[in-house]
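The values are calculated or read from the model by the stated rules, or taken from the named source; none is laboratory data. Source: prediction; values computed, not measured. Using ideal geometry, Cβ is built from the backbone for each residue, glycine included, and neighbour counts are taken over all protein chains shown. With ligands, DNA and RNA removed, areas are computed over all heavy atoms of the protein, side chains included. Shrake-Rupley method; radii C 1.70, N 1.55, O 1.52, S 1.80 Å.
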Amino acid sequence: MPGTRPRPALLRTLATPRGAAVAAGLLLLALVTAFGPALLGDAADTRDLAARQQGASLAHPFGTDDLGRDLLARVLVATRLSVLLALGATAISVVGGAVVGIVAAVLPAALRRAVNALVDILLSFPWLLLALFFSVIWGTTATGAMLAVGFAGVPVFARLVSTLAASVAGTEYVHAARMLGSAPLRTARVHLLPNVLPPLLVNAAAHASVSLLSFAALSFLGLGVQAPAYDWGRLLNEGARRIYVDPMAAVGPGLAIVLTGVLLALLGEVLSEGGRRRGRAGGRPPRAGTGVAPAVADDAPVVDVRDLRVAFAAEDGSLVERVHGVDLRVAPREVVGLVGESGSGKSVTAMAVAGLLGPDARVRAERLVFRGIDMTRPPSPAERTRLGLEQTMIFQDPLSSLNPSLTVGRQLTEVTEVHARTLRAAARARALAALERVRVPEAARRLRQLPHELSGGMRQRVMIATGLMVTPRLIVADEPTTALDVTVQRQVLGALRGAQRETGAAILLISHDIALVSGFCDRVVVMRSGRVVEELDPRRWQDATHPYTRGLIACVPDMTTDRTRPLPVVEPEAPDDAAPALDPGATDRSGRTGPPARPGRPGRPTRKGVPA
Amino acid sequence: MSELELRGVTVRYGHGARAQTAVDAVDLTVRPGTTHGLVGESGSGKSTLARAAVGLVRPTAGQVFLGRVDVTGPSRYARRTRRRVQMVFQDPMSALDPRLPVGLSVAEGLLATGRRTSRADREARVTALLDRVQIDPRRAGDLPGAFSGGQRQRITIARALAAEPEVLVADEITSALDVSVQGVVLNLIRDLQADLALTVLFISHNLAVVRYVSDDVSVMRAGRVVEHGPAERVLADPADPYTRELLRSIPVMGQPLVLADA
Amino acid sequence: MTLPSPALEATTPAGPPAGPAGRAGLAAHPRLAFVLARLARALVSLVLVLLAAFFLVHLVPGDPVRAALGPTVSPETVEALRQQLGLDRPLGAQLGHYVTGLVTGDLGTSVTSQRPVATILLERLPATLTLAGLSFLLAAVGAFPVGVATAVSARGGRRRGLDLVVSGVLGVLVAVPGFLLAVLLVSVFGVTLGALPPAGWGTPAHAVLPVVALAAGPLAYLARIVHVEMLRVLDEPYLTTARSKRLPAATLYLRHALPNIVGAALTAGGVVLVGLVAGTVLVETVFVIPGIGSTIVSSISAKDYPLIQGVVLVYAVLVLVANLLVDLALAVLDPRSTVAEA
C-alpha cells in the first residue's frame, strides 16, 4: 500500500549521543569477539617463564600470569568465550521462557494457574541460587554453567511473555479482530507477535548483561569454565589469588566484565527509551519576594493578569510557548468560566494564576497578581501563608488529586493547622462541619477513611470541603466534573455553589463544556490555541461575535438541536486565524487545533498534561 | 436490513459472594434501518450489553437475535452470522494496533465478509472505505500514531464498515474526543446510517448526543432498562424519575443550572 | 443554603464498596487474606524446596557416587559410600528416611569431613546472617536519603549536571557485581593501604569490607528505585493539591510523598534482601569467611552431596523467610497494595 513510513525509531535512537556510543561499543565488542582469538591467540598462549607474574608495564599493560602469558591478550581472547556463553545462556532463558509462557497460555485454566504459581515461586529465588542448584546437576563445566545460568533465567521470561501477551490480548484491537472473525493463529501473527517481540528483545538485551555477570560469577567461584579454557570470570579468579602482589591481574578482567555488562544494560535502556531525551528547563525567576504584600482593598480584583505567556521545554530542548499573551481579571465573588478544547491553554493559564506550574514551565507576564501577590516569583513565607488560606484548588480526577495514603480528615485539617495554627481538635471539629455542609453522609466516619473508600462524587465533595476549611478568596476548579456522571455533576456543582456563597470566594471554573460554564458562571472567557478569543455574558450568548465561539456553541448538540440537519463543524484553525468557522458539512481535516499539544496524548480532552 | 433483538440478556461477573450482575434480564429491540440510542451512566451496564450484542461477552442468560437468527451460541453458524454485527469502540487509541499501518487495519475488516479477495481488490476496497470516512487514502501506510483522535475514530469506523455489517454498535465513540471533533464523527455516523440503511445501536452517557442521532431510546440504570420508546416521546415526556433526573442534569446553553433538588 | 442530596449517588457507587458490609468471609479482610495467601505460598514453596533438595542427587546424570569419588577408586569404596548415603535403598524408603531426618534435625553426614551436616551449618550460619543483615541495614539506611534527595533536586529537569553525576555513579555501582567490588576493595584497602583486614572473620574490622562490598550494589539499586518512585509521586496530582495548600517542604515530602513510595520501596527491598542472601556466596568466597556461602561452593566442587543438600535447604529457607518478612511488612505499612492483590 502506498504511503510514507515514519522514520524507524531505531535510526533516530542511533542519532543520539548515547545511542551512537552504544552502537560503537557493540561494534567493538563484535570485532573483538570475531577476530580476537585469531589475532591475539598466539600472544595469549605464548609462555615466557622469565617474565612470569609481572606487574603492569608498557609491554604487558595488565601484567603477566603464572606462566608469563600476556594478560591483556588473554582478556581480549577470552571475550569470545565470555560473550558467546552469555548469549547462549540468554537464548536459553528467552526461548525457554517463551515456550513456558506460550504453553501456559493455551493450557486449561487450572493447569495455567499451577504453572503461573510455580513460576511465581521460582521468581522469588535469586538467580545465583538457582544457577548453583542447576550447576550441581549439570556439573562444573562451561556447558553445565551455561545451562544453569540459562535455566535460572527461564522464569523471568516466562513471566514476561505471559504478562506481555495478556496485555496485548486485552486490547480493543484484538477484540475487534476477534469480532471480525480473525482466526486465533492469524491474530497471533498479525497483532500479538509484533507487539510482544520488541519489548521482549529489549528485555533480552538487558538480560544478556545479567547472564554475563552471572557467568563471570560462576567461573570466578570455579564452577564455570575450567582450565585450560578461560573466560573473564576464570581470569578474574586467577587474578584474585594474586591480588596481594599485583592488583592489575584482577582489575583487567574485572574491567572487561563491567564494561561489557554496562554496554549490554545500556543497549536495553536505549532500545526501550527510543532515545528519548529529557527537556531542559528554562531559567527560573530569581529571588523570593521579600516582605508582606500590601493589604488589598475589598473591591480590587482577586486575579489580575495582563499579557501572560507560558512556555514549556520541548523534547529537543527548545521552548514552545503555549499561552500567548492572555489577559484575565476576576473580581471578588465573581464566577468566571474558562472554556476551550484540548491545547487551548486554559488549564495552563489557571495553574499560572495559582502559581503551581512545575519547574519546567517558563512564565512571563506584564502582570500576574493574586490579591496583591506577584505570582511570577516565589512567594515570601508570609505570602505563602496567605496563598494557603486564600486559594483552593479542585482538579479533574478527585481520586488522583487526593493523597491515597492519608485519611480524609488529615487532608482536610492540615491547611488550617499549618497556616492558621488551629489546634488539632478544633481543626477536626471544623472538618466535620465542612463535610456535613457539602452533604457527605456519615461525615465522622469519612474523616477516618482513605480516599479510595469513597465514591467519585464524594471525593470531589471532600475537595470542595477543603475550601470550607479556610477563607478562600479564589477557588480554582479545573474540569471538576469531567470524570463524573451528569447527575453527580449536578450535585457536585451544587456543593461548589454553596461553598462559594458561604465563603464569598470568587471561582475560576475551567471546562471544555461551554453549556455547563454558561449555566454556572457570571462571565465566560473562551480560549483557543493559547489566546483569549472572546469574553461572553452567558445570558446574552446569542450575541457571540467570534466565529470560533459561535462554532463551539453550535457544534454540540443539545435537547433542541434540529435532528434533520447535520451539525455545524468548527473549522480547524487557519494559519491567519481569520477563517470562517461555521461551515455545515465541512470535514475535520486535522482533528486537532492550535499548536502541537503536549506529546503523548493528542486529541484527548481528559487528563491535561499540566505539569505540577 | 436486519433487526437486532436482545431477549432477556443477563451478564454476571464473578462467582459466589463476589458475583455482580452487570446486565439484568434486558430486552431491547433495534428496528431494522433505525438508530436506537442507549443512555446510562457509568456502571449502568450499557457497555457490557454492547459487548454481549457483538459476542465479546457470553451472556449468562438470554439470547441475541439478528434478523430472527439466534447468534448467541458458540456454533460455527452463530459465529459467522454474528460477524454481521460490528462494533466501534470508545478509545480510538487502543482500538487500533499501534504497529499495524491503518490500511491493513481496515483491510482486516474484510475478513468478516468471508470472501476471498485479490490483493488489488483489497486495496481498492480500503481506498474506497478510507475515502468514505474522509481520510486521505494515500495515508493508508501510516501508523495510527500519525493520526489525531478524531481521525483514528473514523478509521475504526472504516474497519467496521469493511465487514459489511448490517448492524453497527457504537459504544461511547465520541466521549474521548474534543467537542469540535465529536460533531464530525456524529455527522459521519448519521450519513452512513442513512446511506447504507444500517441498523445502529448507539451507546452514550450524553443524552443530547443520543437524542440527536436516535429514533428510539432506552435508558439503562444498574443493569436494567428503566424506560424505552421513541426518542421524542421519551425525552419530551419521561415517565421514569431517573430519566427526569438525567434530563434535569444536562447543562443548557445560557440557562442557569438547576442546582437545587426538585 | 440548599445543597443537593447525595441520595442518587449513594445508589450508584463509583468506587470500591465503602465498607465490609455484605461481603462474606475473607473478602471483608483483604489484609488477612493477603497474609494467609502468602503464608500458603511459602508453605508450598517449602515443600517444593524440600523435594528439590532431596531429588538433587537423583537428578545428577550418571552415578553421583562414582562422580564424587572419581574414576580411580575401587568399586568396593564406591559401594561403601553408596550404602552410607542410603542410595542403595528404594526411592520411597530414601524419601522417608530423609523426611524423618529433617524432623529430628539429622541432615546426614558430610562425605569430606565426616561430620554431621547440621553441626557444620549451625557453626557457619551466624557469619552469613551477620553479613547479610548488616549489609541490608546499610543498603536500606543509605538508599532513602540518596534517592529522595536526588529526586527532589532533579524534578522537572533541574540541576541536570548533578543528576547526571549521581545517576551515573549509581548506574555503575548497580552494574559492578559484588564479587568484583570485593576484589577491588581488598586490593585498595586491604593490600595497598593496609587499613583494614583483607580476609578472615571475627572482629568488627573484619566485617567492614565484606559488608561494603555486598551492600554497595543493592544500595545503588534501591536508591534508584526510590529516586524514580519519588519523581513519579512528585508529579502526581495529589502533590499539586498539597502544593496548592502551600505546605512546608518537610510536610510535603515526608507526609505527602514518602508514604506513597513505601509499597514500591518495600517490594524492591525484598528483591534486595533476597539478592543479598545469595550474594553472600560470592563475598564469603573472596574474603574467606567461614559462612555457609563458602561452604556451598566448596561442597559443590567436592561433590559432597549431603552437605550440598543441607546448604541448598538452608539458603532456600532463608529466601522464603526474607520474602515472607517483606510480605508481612507490606501488609502492615502499605495496606493498599494488599487490597489491590486480594
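Before moving on, here are some points about what is shown:
- Among the residues of this structure, C:G19 does not count as one that is within 10 Å of another protein chain (Cβ to nearest Cβ), surrounded by 15 or more Cβ atoms within 10 Å (Cβ to Cβ), at pLDDT below 70 and more than 30 Å from C:L313 (Cβ to Cβ).
- Failed item in (1) within 25 Å of A:R242 (Cβ to Cβ); (2) part of a helix (DSSP H, G or I); (3) more than 9 Å from chain A (Cβ to nearest Cβ), with C:P306 passing the rest: (1)
- Among the residues making up the range C:211-244, those that are more than 16 Å from the chain's Cα centre (by Cα), of a type outside the set (A, V, I, L, M, F, W, C) and either at pLDDT 90 or above or in a helix (DSSP H, G or I) (or both) are C:R224, C:H227, C:E229, C:R232, C:P237, C:Y238, C:T240, C:T241, C:R243, C:S244.
- Candidates A:A365, A:A429, filtered to the one that is touching an Asp or Glu at 6+ places or on another chain (Cβ under 9 Å) and either within 30 Å of C:A264 (Cβ to Cβ) or small (G, A, S) (or both): A:A365
- Failed criterion for A:L130 (all others in (1) within 12 Å of chain C (Cβ to nearest Cβ); (2) surrounded by fewer than 20 Cβ atoms within 10 Å (Cβ to Cβ) hold): (2)
- Test: residue in the range C:114-133 that is among the β-branched types (V, I, T), open to solvent by 50 Å² or more (accessible area, probe 1.4 Å) and in a helix (DSSP H, G or I): yes
- The residues in the range A:388-404 that are crowded, with 21+ Cβ neighbours inside 10 Å and part of a loop (DSSP other than H, G, I, E, B) can be counted, and the count is 6.
- Within the range A:83-115, considering residues that are within 30 Å of the chain's Cα centre (by Cα) and open to solvent by 60 Å² or more (accessible area, probe 1.4 Å), the one nearest to A:A158 (Cα to Cα): A:I102
- Some residue of the range A:483-502 being part of a loop (DSSP other than H, G, I, E, B), open to solvent by less than 10 Å² (accessible area, probe 1.4 Å) and assigned by TED's automatic domain parsing to the domain that holds A:T385: no
- For the range B:183-204, the candidate set comprises residues that are of a type in the set (S, T, N, Q) and more than 7 Å from chain A (Cβ to nearest Cβ); within that set, the residue that is nearest to B:G67 (Cα to Cα) is B:T199.
- Filtered residues of the range A:519-573 (kept if assigned to a strand (DSSP E or B) and either among the acidic types (D, E) or at the interface with chain B (Cβ under 9 Å from one of its Cβ atoms) (or both)): A:E534, A:E535, A:V570
- Residues (more than 10 Å from chain C (Cβ to nearest Cβ) and part of a helix (DSSP H, G or I)) located in the range A:405-415: A:V408, A:G409, A:L412, A:T413
- Enumeration of residues in the range B:183-215 that are open to solvent by 10 Å² or more (accessible area, probe 1.4 Å), of a type in the set (G, A, S) and over 25 Å from B:A52 (Cβ atoms): B:A194
- Output for the range A:107-126, where each listed residue is farther than 24 Å from C:V321 by Cα and not in a loop (DSSP other than H, G, I, E, B): A:A109, A:A110, A:L111, A:R112
- Positions within the range A:427-453 being assigned to a helix (DSSP H, G or I) and of a type outside the set (G, A, S), in sequence order: A:R428, A:R430, A:L432, A:L435, A:E436, A:R437, A:R445, A:R446, A:L447, A:P451, A:H452, A:E453
- Pairs where the first residue, in the range C:46-59, is free of Cβ contacts under 8 Å to residues at least 40 places away in the same chain and the second is assigned to a helix (DSSP H, G or I) and surrounded by 16 or more Cβ atoms within 10 Å (Cβ to Cβ), C-beta under 7 Å, 6+ apart: C:L48/A:I121; C:L59/A:I137
- Yes/no for A:T482 being farther than 24 Å from A:E571 by Cα and more than 10 Å from chain C (Cβ to nearest Cβ): yes
- Subset of the range B:156-188 that is in contact with a Phe, Trp or Tyr (Cβ under 7 Å, 6 or more places away or on another chain) and aliphatic (A, V, I, L, M) - its residue that is farthest from A:T564 (Cα to Cα): B:A170
- Of the helices (runs of 4 or more DSSP H) lying entirely inside the range A:162-274, those carrying at least 1 residues that are at the interface with another protein chain (Cβ under 10 Å from one of its Cβ atoms) and under 24 Å from the mean Cα position of the chain (by Cα) are A:172-179, A:193-220, A:248-273.
- Taking the criterion of being more than 14 Å from chain C (Cβ to nearest Cβ), open to solvent by less than 10 Å² (accessible area, probe 1.4 Å) and of a type in the set (V, I, T), the residues of the range A:335-387 that qualify are A:V335, A:V336, A:V339, A:T349.
- The C-beta contact set for the range C:186-208 (first residue touching a residue at least 24 places away in the same chain (Cβ under 8 Å), second residue among the aromatic types (F, W, Y), distance under 7 angstrom, 6+ apart or interchain) comprises C:A199/C:F287.
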